[in-house]
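The next block holds one structure in the form of structure tokens; read it before the comments.
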Amino acid sequence: QVQLAESGGGSVQAGASLRLSCAASGRTYSHGDMGWFRQAPGKEREFVAAIMRSGSNTYYGDSVKGRFSISRDDAKNMVFLQMNNLKPEDTAVYYCAARRIGNPIAMRSYDYWGQGTRVIVSS
């Protein structure tokens, strides 16, 4: 089992930045590849970013490329999502997820999920 807890969400104006954090605990060695997804009201959950356990490979959704950055601190079992130049369309609940194998951008590849943290961006 892997437990994930997100934090760092909030309400900001367009153009602002936020940094989301995800604290992992439990059997993190078995599910070391991490991802962030988001779900806006009335929409399906979508891929935001992913990072491999080595930290060498990262992946981003088209809508966040160049604005968001994923990173990790394995010594603290933490994963971060730095979000810059936020737009109203970034408003969503952001979820941290952990996977063992599979496609890093596919939701079905992830076995464990956090409860989510809400981000609201106003214009």
Fill in the blank from the handout: As a Kirkwood estimate from alpha-carbon pairs, region 39-99 has a hydrodynamic radius in angstrom of 12.6
Handout entry: Area accessible to solvent at ILE120, 1.4 Å probe radius, in Å²
Key = 70
Problem - Debye log10 I(q)/I(0) at q = 0.15, 0.16 Å⁻¹ for the chain, Cα point scatterers - result: -0.59, -0.68
Exercise for the section: Determine the sum of side-chain charges near THR91: Lys and Arg each +1, Asp and Glu each -1, restricted to other residues whose C-beta is under 12 angstrom from that of THR91. Expected result: +2
Exercise for the section: For the chain, with all protein chains present and a 1.4 Å probe, just round the carbon and sulfur fraction of the accessible area to a whole percent. Expected result: 47
Handout entry: Estimated dipole of region 68-109 in Debye, rounded to 20 [Cβ of Lys and Arg +1, of Asp and Glu -1, Cα centre]
Key = 220
Exercise for the section: Excluding residues fewer than 8 places away in the same chain, name every one of the lysines whose C-alpha is closer than 19 Å to that of LYS43. Expected result: LYS87
Handout entry: Whichever aspartates and glutamates have a C-alpha closer than 16 Å to that of LYS76, once near sequence neighbours (fewer than 8 apart) are set aside
Key = GLU6, ASP33
Completion exercise
Per DSSP, the loop-located GluC sites (Glu not before Pro) within region 17-109 having at most 13 other beta carbons within 10 Å are GLU44
Practice task
State to the nearest 20 debye the size of the charge dipole of the chain about its Cα centre, where the only charges are +1 on K and R beta carbons and -1 on D and E beta carbons.
Solution key: 100
Practice task
Hey, can you find the accessible area per residue of the chain for me, probe 1.4 Å, expressed in square angstrom?
Solution key: 52
Fill in the blank from the handout: Whole-Å distance linking the alpha carbon centroid of region 53-67 with that of region 2-49 is 13
Fill in the blank from the handout: The aspartates and glutamates whose Cα lies under 15 Å from the Cα of LYS65, excluding any fewer than 8 residues away in the same chain, are GLU46, GLU89, ASP90
Exercise for the section: Work out, step by step, the length gained on full extension between ARG67 and ALA106: first 0.36 nm times the residue separation, then minus their alpha carbon distance; give nm to one decimal. Expected result: 12.0 nm
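The values are calculated or read from the model by the stated rules, or taken from the named source; none is laboratory data. Quick caveat, the model's predicted, so the values are computed rather than measured. Cβ coordinates were reconstructed from backbone atoms using ideal geometry, including for glycine residues, and neighbour counts include every protein chain displayed. The protein model used for the area step is the full one, side chains on, heavy atoms only, and it has no ligands, DNA or RNA in it. Shrake-Rupley method; radii C 1.70, N 1.55, O 1.52, S 1.80 Å.
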